[in-house]
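First comes the structure, then the notes that go with it.
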Amino acid sequence: MNPNDKVPSATDNGSYDQLKGKAKQAMGKVKQKVGNAVGNERLEAEGRADRVEGAGDRAKGEVKEAIDQAGDKLRETVSKVRAGAEALADKAKEKYNEVRH
């Protein structure tokens with residue numbers, strides 16, 4: 001790991017954002033229903049806003065997970081390419097030494 005890289009925390013992963021979003025959406029739904037039931041437009045509006053914010057958090061979490069998965073696949077591919085290049089270089093050295101001697 002590069003010393004300049006940020007150390008990931010538990011809240012940096014997509015699952016956390018998705019869970020946080022679901023919780024906000026659930027709380028928003030409750031606020032919205034209670035606000036509607038008691039005739040409190042402000043509480044109802046807060047509930048709608050929480051639901052929208054929660055949907056945003058869930059989407060953010062999904063994007064983070066997709067990026068993490070793409071990064072993992074890229075690292076795996078680079079590792080395979082590196083191993084193949086090293087094997088090819090070793091064969092080239094062998095052939096060169098055969099021809100030279």
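Miscellaneous remarks
- Of all residues in the stretch 46-101 being hydrophobic (A, V, I, L, M, F, W, C) and within 19 Å of the chain's Cα centre (by Cα), the one that is nearest to residue 36 (Cα to Cα): 55
- Residue within the stretch 51-61 that is farther than 22 Å from residue 13 by Cβ and not hydrophobic (A, V, I, L, M, F, W, C) present: yes
- Condition met for residue 41 (in contact with a helix residue (DSSP H, G or I) (Cβ under 8 Å, 6 or more places away or on another chain), among the acidic types (Asp, Glu) and without any contact (Cβ under 8 Å) to a residue 12 or more places away in the chain): yes
Every number in this text was worked out from the coordinates using simple rules, so none of it is lab data. Quick caveat: nothing in here was measured; it's all calculated off a predicted structure. We place every Cβ from the backbone using ideal geometry, glycine too, and count neighbours over all the protein chains shown.
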